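No lab work stands behind these numbers, since they all come straight from the coordinates. The model shown is predicted, which means the values in this text are computed figures rather than measured ones. Reconstructed Cβ throughout: ideal geometry from the backbone, glycine too, with neighbour counts over all protein chains shown.
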Amino acid sequence: MFESLTDSLSSLVKNLQGRAHLNQDNIQESMQEVRNALLEADVGYDSVQSFLDQVAVRAEGEEVVGSLTPGQTFVKIVQDELTKFMGETSVELSFSAQPPVVVLVAGLQGSGKTTTVAKLARRLIKQENKQVGVVSCDIYRPAAVEQLKILASEVSANYYETNLADELSKTAKNAVDQSKRAFDDVLLVDTAGRLTIDDDMMQEIASLHTIFNPLETLFVIDSMMGQDAVETARNFNAVLPLTGVVLTKIDGDSRGGAALSVREVTGKPIKFMGTGEKIDDLDVFHPERIASRILGMGDVLSLIEEVEQKVDKKKAEKVAKKLKSGSKFDLQDFRDQLEQMGKMGGVQALMGKLPGMQGMSGAIKEKANDKELNKFSAIIDSMTLQERLFPALIKGSRKRRIANGSGTIIQDVNKLLKQFTQMQKMMKKMSKKGGMKNLMRGMGGQLPPNFPQ
Ligand SMILES: Nc1nc2c(ncn2[C@@H]2O[C@H](COP(=O)(O)OP(=O)(O)OP(=O)(O)O)[C@@H](O)[C@H]2O)c(=O)[nH]1
Ligand SMILES: [Mg+2]
């Protein structure tokens with residue numbers, strides 16, 4: 001996704017990050033490049049202009065020219081503004097109403113409404129433990145009703161029948177009644193798509209809106225349609241206030257114009273993005289992550305989340321096995337451990353629970369704070385797999401690249417490597433017989449009498 005934009009902006013980022021000197025001229029030049037990249041990505045002209053204005057104001061205010069790392073400062077400003085442009089933070093669905101909370105899903109023909117309803121149902125059921133009902137208000141096409149029915153059973157949502165012979169209002173009221181009786185937490189409503197946002201469509205949606213009184217009205221747009229899609233969202237929003245936008249087919253969108261401007265144009269948050277045809281291909285829209293992805297700086301957080309969801313246990317087992325067999329403990333393992341620590345409440349919480357650690361001095365506890373943990377994780381995230389497996393490779397220019405990529409300084413990278421080496425030694429001791437006891441002795445702690453060794 002966003003390949004073309006990422007291509008042009010990431011080369012600018014690379015070029016700028018290393019620059020020790022920036023002057024008004026090459027800042028202007030960089031601004032021009034950002035401008036071209038955005039216009040090529042099909043971001044609307046006005047949006048591009050207001051974006052650049054924001055960047056310019058900050059670039060001047062923060063005195064990019066006089067800063068120690070002007071290139072990086074400028075890139076940071078572009079990244080921040082890009083994030084703001086797309087909405088600052090992610091916005092989840094609201095559930096603060098009497099259940100079933102109704103979510104009305106509207107959009108043009110073929111934009112991905114029915115698929116999105118199924119994906120949302122899946123997400124709410126699987127990740128948020130909700131009981132979800134779905135109903136189709138597409139009474140024009142029997143196939144559309146059938147499509148939702150099949151998807152509902154696939155995701156284990158309650159499906160409420162649509163009788164094509166009935167008035168739409170009857171179907172709607174029936175669905176609400178049944179959903180209430182079934183004690184659904186959420187009722188997702190699929191609607192019929194139209195070719196354009198015309199009076200017919202708006203009238204129908206408005207009447208459904210009255211009957212369902214939805215807490216959320218989501219407008220689905222096909223991101224591959226670019227600015228045209230953004231315009232439909234703007235027109236829809238002018239008649240019936242949206243609570244959010246869902247961007248679909250982002251996997252096929254190499255330009256990214258819709259993702260970039262829909263928030264600015266409608267003032268409504270992008271809540272989700274469809275990343276593929278499969279039922280699991282729906283992600284929360286995180287502006288900050290998308291911004292760094294667009295700038296070619298990676299989307300580490302999403303990657304971590306995926307890892308957490310999928311291979312957590314396996315990882316823990318892998319490290320345990322390695323320790324037992326006495327084989328080398330590498331940065332990848334270290335990273336895994338940091339992650340596990342974070343999940344268990346951070347270093348401080350963890351230290352309190354470890355046997356023998358209570359006796360450790362306050363100063364050591366202070367040092368091992370969670371900020372450090374996050375920093376270390378970020379640093380390791382900026383390394384290539386090869387570097388993680390063979391930390392000895394990490395020298396001069398690699399260190400600089402890693403520091404840049406993780407938003408840290410070379411001293412931080414050195415610190416991490418030093419601590420890692422210590423940890424590696426500790427692990428070696430631990431893997432030997434009686435290791436835990438030796439280790440604790442070495443650290444000045446006391447093992448509780450019955451601690452298994
Ligand atoms: N690659 C990709 N395809 C998608 C995505 N979302 C939907 N699609 C595809 O887009 C096509 C249309 O999706 P539907 O969910 O039927 O669209 P709709 O808005 O309900 O269409 P109508 O009911 O006819 O208005 C299908 O082939 C979907 O598989 C997505 O995020 N990525
Ligand atoms: Mg449909």
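With N the number of residues in the stretch 73-171, Rg(Cα) / (2.2 N^0.38 Å) evaluates to 1.41. Ranked for footprinting exposure by Cβ neighbours inside 10 Å, fewest first, Asp200, Asp25, Asp138 give Asp25, Asp200, Asp138. Near Asp185: Cβ cut-off under 12 Å, other residues only, Lys/Arg at +1 and Asp/Glu at -1. The net charge is 0. Here is the link list: Lys14/Lys399; Lys328/Lys425; Lys375/Lys425; Lys249/Lys271. Which ones come out longer than 18 Å on Cα distance? Those over the limit are Lys375/Lys425. Pairwise inverse Cα distances across the stretch 113-218, averaged and inverted, put the Kirkwood hydrodynamic radius at 13.9 Å.
Sort the stretch 49-100 into rounded, prolate or oblate with this rule: let a ≥ b ≥ c be the square roots of the eigenvalues of the Cα gyration tensor; rounded if a/c is under 1.5, and if a/c is not under 1.5, prolate when a/b is larger than b/c, oblate otherwise. Can you show the working numbers first?
Values: a/c = 4.79, a/b = 3.09, b/c = 1.55.
Since a/c reaches 1.5 and a/b is larger than b/c, the shape of the stretch 49-100 is classed as prolate.
What is the sum of charges, Lys and Arg at +1 and Asp and Glu at -1, for the other residues whose Cβ falls under 9 Å from the Cβ of Lys113?
Working: positive: none; negative: Asp138, Asp190.
With Lys, Arg at +1 and Asp, Glu at -1, the net is -2.
Rg and Dmax of the stretch 228-288, based on Cα coordinates, read 11.5, 32 Å.
Semi-axis lengths, largest first, of the ellipsoid equivalent to the stretch 7-55 are 20, 13, 7 Å, with √(5λ) applied to each eigenvalue of the Cα gyration tensor.
Report, as a whole number in µm² per second, the diffusion coefficient that Stokes-Einstein gives for the stretch 101-286 at 4 °C and 1.567 mPa s using the Kirkwood radius over alpha carbon pairs.
Values: Rh = 16.2 Å.
Reported coefficient: 80 µm²/s.
A simple spin-label model places the labels of Gln32 and Leu195 4.4 nm from each other, with each point 7 Å out along Cα-to-Cβ.
Spin-label pair Ser11-Ala392: with each label point 7 Å from Cα along the Cα-Cβ axis, the two points sit 3.8 nm from one another. Residue order for Val13, Val189, Val34, fewest other beta carbons within 10 angstrom first, comes to Val34, Val13, Val189.
For the stretch 178-256, count all C-alpha to C-alpha pairs, find those more than 19 Å apart, and express that count as a whole percent of the total.
Details: 1319 of 3081 pairs.
Counting pairs separated by more than 19 Å, the tail of P(r) holds 43 percent.
When every alpha-carbon pair in the stretch 3-85 is counted, what percent end up more than 22 Å apart? Counting every Cα pair in the stretch 3-85, those more than 22 Å apart make up 17 percent. Panel order for Phe95, Phe376, by other beta carbons found within 10 Å of each beta carbon, from fewest to most: Phe95, Phe376.
Highest mean packing comes first when the peptides 254-267, 51-64 are listed by Cβ atoms within 10 Å, giving 254-267, 51-64. The base-10 log of I(q)/I(0) for the stretch 1-143, evaluated at q = 0.15, 0.19 Å⁻¹, reads -0.84, -1.07 [Debye formula, identical scatterers on Cα atoms, solvent excluded].
I'd like the FRET efficiency for Asp251 and Lys428, computed as 1/(1 + (r/R0)^6) with the beta carbon distance as r and R0 of 51 Å, rounded to 0.05.
Numbers: r = 45 Å, r/R0 = 0.88.
Working from the Cβ atoms, E equals 0.70.
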